[in-house]
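Undergrad: After the structure tokens below, expect a handful of questions from me.
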Amino acid sequence: MTRVFSGVKPTGHLTLGNYLGAMRRWAAVDQHQADALFCIVDLHALTVDHDPARVRRLSRQAATLLLASGLDPEVCTVFVQSHVDEHARLSYVLECVATDGEMRRMIQYKEKAAREGARGGSVRLSLLTYPVLMAADILAYGTDEVPVGDDQAQHVELTRDVAVRFNQRYGHTFVVPRATHPKIAARVMNLQEPTAKMGKSDDVGPGIVYLLDEPDIVRKKVMRAVTDSGRDVAYDREGRPGVTNLLEILAACEGGNPEDLSGVYESYGALKKDTAEAVVEVLRPVQERHKELCADPAYVEGVLRSGAERAREMARPRVDAAYRAMGL
Ligand code: ADP
């Protein structure tokens, strides 16, 4: 059976981008078609300035939202990265395979390091080595497929390179995984700044729709989305990023093709109205289930505990094998 691994960082409240780009497919497809693991990657949340209590709170919230989005712990494994020591254990030996140059080429590193620098802060070493820990997350489980948004393509590519290099040097140990991306909404853009990704780690802003936003807040944010100077509704990622983003969101929520939808609308107002309602409807069941789950924290706790046990059992033999192969 295909092994699937993917994760979310508890660095902020989960967004519509996380949902349409990744989580929705995990629940609808991956957990049923594969032996799938979904991880709250909390170690990754420590790579930038963080508040310990907030990370703990956001980890629990992310776990609750993953379950609310339809992940079924009877058919897949949901767990928290720091509960399974194998991730950090494997990461160190992979650091002895990856290179400094590879790390410095990562787009996310360059962007985030620049942002930390601009804030006057120092860049944590873990921000540079982050992709190696991500490679460890994936490789520890013999993962075949990594369902992610477009923004993670470069990190999965690096994971492949590290796996191939390790296997060549030390003998076949790791499966070489591949990324899969959704056809529509692989990169949901910020509604106020449609040339930038809608990212949860960014500052709270009116351009980000959070999964727990009330319907009226969603409507307000979508109705105020920045559109383009043209007047017709055209699908064009380069020339019309704002309108194209709305078409992508609408198509992802309702089904259908964003290019076809562009022919249906004569005004930006009508497009925004339908997009807002479509988003509200997509989020409604997730929010309802989230509310129920919040009333039963012991259940979520139990899911994470047994998820970590299962994950540990799956990861340990391969991580042990990697240590042996490297001479430890
Ligand atoms: P973030 O950038 O929000 O901190 P994470 O690194 O936690 O995201 O990513 C969780 C998943 O959500 C990943 O698969 C990532 O590719 C996906 N994702 C994040 N932002 C977006 C977006 N704006 N559009 C599509 N997918 C996204």
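The values are calculated or read from the model by the stated rules, or taken from the named source; none is laboratory data. Only a predicted model underlies this, so the values are computations on that prediction, with no experimental measurement involved. Cβ atoms come from the backbone with ideal geometry, glycine included; neighbour counts cover every protein chain shown.
Undergrad: Name the one entry in Leu14, Leu58 that is out of contact with any Gly (no Cβ under 9 Å at 6 or more places or on another chain), within 24 Å of Gly205 (Cβ to Cβ) and within 14 Å of the ligand (Cβ to nearest atom).
TA: Checking each option against the conditions leaves just Leu14.
Undergrad: I'm told Val264 meets every condition in (1) within 17 Å of Gly17 (Cα to Cα); (2) of a type outside the set (Ser, Thr, Tyr); (3) surrounded by fewer than 18 Cβ atoms within 10 Å (Cβ to Cβ) except one. Can you identify the failing condition by its number?
TA: (1)
Undergrad: Within the stretch 1-8, is there a residue that is at pLDDT below 95 and more than 15 Å from the ligand (Cβ to nearest atom)?
TA: yes
Undergrad: Against the definition (farther than 20 Å from Gly17 by Cβ and aliphatic (A, V, I, L, M)), how does Leu328 come out, yes or no?
TA: So Leu328 passes the test.
Undergrad: Gln108 passes all but one of (1) of a type outside the set (Gly, Ala, Ser); (2) touching a Lys or Arg at 6+ places or on another chain (Cβ under 6 Å); (3) within 20 Å of Ser6 (Cα to Cα); which number fails?
TA: Exception for Gln108: condition (2).
Undergrad: Considering (1) away from the ligand (no atom under 12 Å from the Cβ); (2) in a loop (DSSP other than H, G, I, E, B), say which one Thr244 fails and leave the rest.
TA: (2)
Undergrad: Looking at (1) within 12 Å of the ligand (Cβ to nearest atom); (2) farther than 14 Å from Lys9 by Cβ, which is the one condition that is false for Asp137?
TA: Single failed check for Asp137: (2).
Undergrad: Now a separate question. Of everything in the stretch 156-179, what is without any contact (Cβ under 8 Å) to a residue 40 or more places away in the chain and either within 13 Å of the ligand (Cβ to nearest atom) or of a type in the set (Ser, Thr, Tyr) (or both)? Give them in sequence order.
TA: Val156, Thr159, Ala179, listed by residue number.
Here is a yes/no grid of residues against (1) in contact (Cβ under 8 Å) with a residue 40 or more places away in the chain; (2) over 21 Å from Pro73 (Cα atoms); (3) basic (Lys, Arg); (4) assigned to a helix (DSSP H, G or I):
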{"site": "Ala278", "(1), (2), (3), (4)": "no, yes, no, yes"}
{"site": "Glu281", "(1), (2), (3), (4)": "no, yes, no, yes"}
{"site": "Ala298", "(1), (2), (3), (4)": "no, no, no, yes"}
{"site": "Ala311", "(1), (2), (3), (4)": "yes, no, no, yes"}
{"site": "Arg316", "(1), (2), (3), (4)": "yes, no, yes, yes"}
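Undergrad: Now, a different point. Just wondering, is there one or more residues in the stretch 48-62 that are within 22 Å of Glu313 (Cβ to Cβ), free of Cβ contacts under 8 Å to residues at least 40 places away in the same chain and either among the acidic types (Asp, Glu) or out of contact with any helix residue (DSSP H, G or I) (no Cβ under 7 Å at 6 or more places or on another chain) (or both)?
TA: No, that holds for no residue.
Undergrad: Residues Asp213, Asp151: which one is within 12 Å of the ligand (Cβ to nearest atom) and among the charged types (D, E, K, R)?
TA: Residue meeting the stated conditions: Asp151.
Undergrad: Check off (1) touching a helix residue (DSSP H, G or I) at 6+ places or on another chain (Cβ under 9 Å); (2) surrounded by 18 or more Cβ atoms within 10 Å (Cβ to Cβ); (3) assigned to a helix (DSSP H, G or I) for Gln31 and give me the number that stays unchecked.
TA: (1)
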